[in-house]
Amino acid sequence: MRVSMMPVASPSLVRKAPAMILDPGSPLYMRWFYLPRLLPWLIPFFLNLSPSRLGPITEVLSQVTFDCNDQHMALAKGTAAERHLTRGELVTLYGQEDDYRSDRLTIEIRRKFGFEPRCIGRNELREREPNLGPAYTFATVFDDYTWLTSPGDYVANLFAHYCAQGGTFIRGKVVDLTQGPMPSVTLDGGETFKADKITLTASVWSGPLAKKLGVKVKVTAERGYHLALNNPAFTAPQPYMVTDAKVVVTPMQNQLRGAGIVEFAGIDDPAREELVALIRKAFRRLYPSLNIDEMESWMGLRPTTPDSMPVLGEARGAPNVLHAYGGQHIGLTIGLKLGRLVAELAGGRTPNANLVPYSPDRF
């Protein structure tokens, strides 16, 4: 989790993005009819694809990732969620050593924040795991990595603990949101709730709701695909970042899950089977001997900003509504830190952090 300060918008993407978008077999995919609607987001996204922007962005992201392991351990301790947290290594796989060495900027940035991986070759990879396919001859190993063996159960257990402590929950579709001395939320049935402070944390739907407040944020759905192999004959000893496929393969509770792909499309557009097939292909390269015929897949909407940074805090001209969304690939990773920061703001306390870079007004 702690190595997740690298933004979606990275300089290495400058060279690769045009070719990747045109390649149907690439992990970066765009539905062309969606391009006119995406342009207001896409233009500043590409402006952030520069070495001069990478440093400041990673600095900001590091502030919400540096203690994420401890944040999760502390919140889950003593609850049923605790059993789903596992600590170990993260292994990043490359076809050859030059593939790793060529991304010098990423190496330098991670080194700046104290992440110096151990490098291993094909022989050690085979010793660690004989099932690994021949496509990967070089890897880096990061220690002190934390992952979830069942993200759904983890969140459900935390929610159950919240309810057991007296927390309440109302399910409904929000149709209106107002700011002011006593902001309000209106549901589609007409029921209205007022409070001293309201937190807007509605993933990719946060943008349209913020617009009702007169706040124009840039957040889009960066669609990601997941493929889970149930009860595999064998599993990975730890998570793998498979660099050529841009897929993370994670051992989970009775599952081996692959997650990746970046697709720019509408929120309600159906998932594409050919993108699921890319993850299936990555599994076959990683584990040629593993039977992967029986899998289940799903697609999720990752709320992403053009600068890869979350939106956090109160907007000028829209008092008492706190924004907390835009976690892109690391939403679950940084969710607890954002929650603690927004709780301090809601309680009238001053967080021990510079929140200016996260401001909803930055767009």
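Report the calculated FRET efficiency for ALA233 and MET73 (r = Cβ-Cβ distance, R0 = 35 Å), to the nearest 0.05. Walk me through the numbers on the way to the answer.
Working: r = 32 Å, r/R0 = 0.90.
That pair, ALA233 with MET73, gives E of 0.65.
Pick out, from VAL249, LEU286, ALA221, the residue whose Cα sits farthest towards the positive end of the charge dipole of segment 198-298, with +1 on the Cβ of Lys and Arg and -1 on the Cβ of Asp and Glu.
ALA221
Distance in nm between label sites at ARG118 and THR137, each 7 Å beyond Cα in the beta-carbon direction?
Between ARG118 and THR137, the label points sit 2.3 nm apart.
Give me the number: length gained by fully extending LEU187 to PHE169, i.e. 0.36 nm times residue separation minus the C-alpha to C-alpha distance, one decimal in nm.
5.1 nm
Taking the Cβ-Cβ separation of ASN354 and ASP99 as r and a Förster radius of 41 Å, what is the calculated FRET efficiency to the nearest 0.05?
In this case the efficiency is close to 0.70.
Cβ under 12 Å from VAL91's Cβ, VAL91 left aside: what net charge do those residues give with Lys, Arg +1 and Asp, Glu -1?
Working: positive: ARG118, ARG128; negative: GLU89, GLU124, GLU129, ASP143.
Result for the neighbourhood of VAL91: -2.
Counting Lys and Arg as +1 and Asp and Glu as -1, what is the net charge of the other residues whose Cβ lies under 9 Å from the Cβ of ARG302? Present the calculation step by step, with values, prior to reporting the outcome.
Numbers: positive: ARG223; negative: GLU222.
Overall, the nearby charge balance is 0.
Quick one: dipole size for segment 198-265, taken about the Cα centre, charges +1 on Lys/Arg Cβ and -1 on Asp/Glu Cβ, in debye to the nearest 20.
On the way: 7 positive and 3 negative charges, 84 e Å.
The dipole of segment 198-265 has a size of about 400 debye.
Going by accessible area, probe 1.4 Å, with all protein chains left in place, what is the ranking of PHE264, PHE159, largest first? Numbers along the way, then the final one.
Numbers: PHE264 10, PHE159 90 Å².
Descending order: PHE159, PHE264.
Could you state the number of Å between the C-alpha centres of segment 243-295 and segment 104-132?
Each part reduced to its Cα centre gives a spacing of 22 Å.
Relative contact order (percent) for the chain, with alpha-carbon contacts under 8 angstrom and 6 or more residues of separation?
Working: 649 pairs, mean separation 77.1, N = 363.
So the answer I get is 21 percent.
With the crude spin-label approximation of a point 7 Å out along Cα→Cβ, what separation in nm comes out for ARG126 versus ASP293?
With each label placed 7 Å out from Cα toward Cβ, I get 2.9 nm.
Pop the C-beta distance of ALA156 and ILE267 into the FRET formula with R0 = 22 Å and round what comes out to the nearest 0.05.
Working: r = 24 Å, r/R0 = 1.09.
That gives a FRET efficiency of 0.35.
For the chain: lysine pairs with Cα atoms under 22 Å, gap of 8 or more or different chains, count?
Qualifying lysine pairs in the chain: 18.
Report the paramagnetic label zone for ARG340: residues of segment 138-157 whose backbone N is under 19 Å from a point 7 Å from Cα along the Cα-to-Cβ axis.
144-148, 155
What does the net charge come to around VAL247 if you take all other residues with beta carbon closer than 11 Å to its beta carbon, with K and R at +1 and D and E at -1?
Working: positive: LYS246, ARG257, ARG280, LYS281, ARG285; negative: ASP244.
Net of charged neighbours comes to +4.
Rounded to whole Å, give me the distance from the Cα center of segment 59-88 to that of segment 161-240.
Between the Cα centre of segment 59-88 and that of segment 161-240, the gap is 20 Å.
The values are calculated or read from the model by the stated rules, or taken from the named source; none is laboratory data. Note that the coordinates shown come from a computational prediction; the quantities given were computed from them, not determined experimentally. Note: ideal-geometry Cβ built from the backbone for every residue, glycine included; neighbour counts use all protein chains shown. Areas reflect the complete protein model, heavy atoms only, side chains present, ligands, DNA and RNA absent. Shrake-Rupley method; radii C 1.70, N 1.55, O 1.52, S 1.80 Å.
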